[in-house]
Amino acid sequence: MRTVLKLNSISPKADHLFAEGYEYSDKVENPDGIMLRSFAMHEYPIGSNLLAVARAGAGVNNIPIPAMTEKGIVVFNTPGANANAVKELAVCALLLGSRKIVAGINWVQSLQGQTDVAKLVEKGKGQFVGGEIEGKTLGVLGLGAIGAKVANAASALGMTVLGNDPFISVDNAWMLSRKIKHSKDRDELISKSDYITIHIPLTPDTKNMINKDTIAKMKDGVVIINCSRGELVNNDDIIAAIKSGKVSRYVTDFPNEQLLGIDNIITIPHLGASTPEAEDNCAVMAAEQLADYLENGNIKNSVNFPAVSAPRTAPYRITIAHKNVPNAIATATKHIGDNNINIANMVSASRGDLGYMIIDTDTELTPSIVNDLKSVPEFIRIRILK
């Protein structure tokens, strides 16, 4: 019986994936796997049985990745599962940033109790005039699952779209409309754009990437949209730019106390992925990846280990998470071959300092062989699957 702990409420759409051969609840102790959304795991005790953590969402800042990696625990996320929901909010943010919709709505609400509201509206609406996005230039920083969708949607709305992503995948490149112009230089993109939308992950290198220096290179009156992570934008610098008029509006899905009550900063209460459809998609994708790993050792969409998958071609399977060092694969195959066990199939891959291999064998590895493999210093975690 495999056990999976829910650290957050997870869409019931995922339940069927753990229906047979699993205990799946929020009361499991020392689980084999964990499903979560926003639960902060940094102080959470890591049980000795834990093999994998699946985040029903893209961001994994709430998971202690280095500690998990050291123990050979695979961490999954669900890139693209909530992409459409975030894309739609980013398109909404484009319109909110272009026209004084929020300020106008708030003003209309303030007219409650007055007579002849219709006349007051016609007289006062001029103060909320805004521009159109058609014909304007949008710069998209990050062309992953979300950024690519935003770029295509903005192009369909008549915008000229520039995109920048030095790490764009082949799949995402294929997703892009031919009308999207690839800008190899980020500074060139931000200097030519009337609107800039951010869709990149938060890392030590990208933290505060929108700051006084980058803002200085932008057009006067630029609109900045942040539906990615709050820390990508320096709050002090964006507030100063708003107050000076350099930035006409900042629309963010990540409010904090510093950003509240400032004209032309529009704060959305982190609604990017807050749709039933997105929550269902993320839950099912996370559960599928977690179950496939627990049952077959396959890895897809891990943030710390390489992607390695293979169909079951033999009765027995061994998986080895290891340090990416010379002769790691040769060491594993030698241990197995020297014991007259035939390897029916093998796949492996590396990613940075880490590697992962799947080996299918015709006969079962004896406990002594497994112990020998576990004694290899470069091998982080070994699993035997039947």
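The values are calculated or read from the model by the stated rules, or taken from the named source; none is laboratory data. No experiment lies behind these values; they were computed from the predicted model shown. Neighbour counts are summed over all protein chains in view; Cβ atoms, including those assigned to glycine, are modelled from backbone coordinates with ideal geometry. When the accessible area is computed, the model is the full protein with side chains, heavy atoms only, and any ligands, DNA or RNA have been set aside. Shrake-Rupley method; radii C 1.70, N 1.55, O 1.52, S 1.80 Å.
Can you tell me how many residues within region 302-327 are under 31 Å from the mean Cα position of the chain (by Cα) and either outside any strand (DSSP E or B) or among the β-branched types (V, I, T) (or both)? Steps first, answer last, please.
Of region 302-327, the ones under 31 Å from the mean Cα position of the chain (by Cα) are 302-312, 317-325.
From the residues that got through so far, the ones that are either outside any strand (DSSP E or B) or among the β-branched types (V, I, T) (or both) too are 303-312, 318-320, 324-325.
The number of residues fulfilling the criteria is 15.
Confirm whether T252 is modelled with pLDDT under 95 and β-branched (V, I, T). So T252 fails the test. Just one of (1) assigned to a helix (DSSP H, G or I); (2) open to solvent by 30 Å² or more (accessible area, probe 1.4 Å); (3) farther than 26 Å from E88 by Cα fails for T214. It is (2).
Considering region 289-301, the residues that are touching a helix residue (DSSP H, G or I) at 6+ places or on another chain (Cβ under 7 Å) and part of a loop (DSSP other than H, G, I, E, B) include one that is nearest to A19 (Cα to Cα), namely N298. Of I341, I266, I336, I318, all but one fail to be under 27 Å from M357 (Cα atoms), open to solvent by less than 50 Å² (accessible area, probe 1.4 Å), among the β-branched types (V, I, T) and touching a residue at least 60 places away in the same chain (Cβ under 8 Å); the exception is I318. Could you tell me whether A81 is part of a loop (DSSP other than H, G, I, E, B), closer than 28 Å to L143 by Cα, open to solvent by 10 Å² or more (accessible area, probe 1.4 Å) and of a type outside the set (F, W, Y)? Yes, satisfied. For A40, are the conditions met, namely being farther than 25 Å from V150 by Cβ, touching a residue at least 12 places away in the same chain (Cβ under 8 Å), buried (at least 18 other Cβ atoms within 10 Å of the Cβ) and of a type outside the set (S, T, N, Q)? It is false that A40 is farther than 25 Å from V150 by Cβ, touching a residue at least 12 places away in the same chain (Cβ under 8 Å), buried (at least 18 other Cβ atoms within 10 Å of the Cβ) and of a type outside the set (S, T, N, Q). Please verify whether A286 is modelled with pLDDT of 95 or more, buried (at least 17 other Cβ atoms within 10 Å of the Cβ), of a type in the set (G, A, S) and outside any loop (DSSP other than H, G, I, E, B), treating the condition exactly as stated. Criteria met by A286.
Between V60, V91, V86, the distinction of being in contact (Cβ under 8 Å) with a residue 40 or more places away in the chain, within 30 Å of E378 (Cα to Cα) and of a type outside the set (G, A, S) belongs to V60 only.
For (1) free of Cβ contacts under 8 Å to residues at least 24 places away in the same chain; (2) open to solvent by 70 Å² or more (accessible area, probe 1.4 Å), each residue gets a yes or a no:
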residue	(1), (2)
K13	no, yes
S25	yes, no
A56	no, no
L96	no, no
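From N49, N61, which residue is open to solvent by 30 Å² or more (accessible area, probe 1.4 Å), outside any helix (DSSP H, G or I), modelled with pLDDT of 95 or more and closer than 24 Å to A307 by Cα? Working first, answer last.
Numbers: N61 fails: modelled with pLDDT of 95 or more.
Answer to the check: N49.
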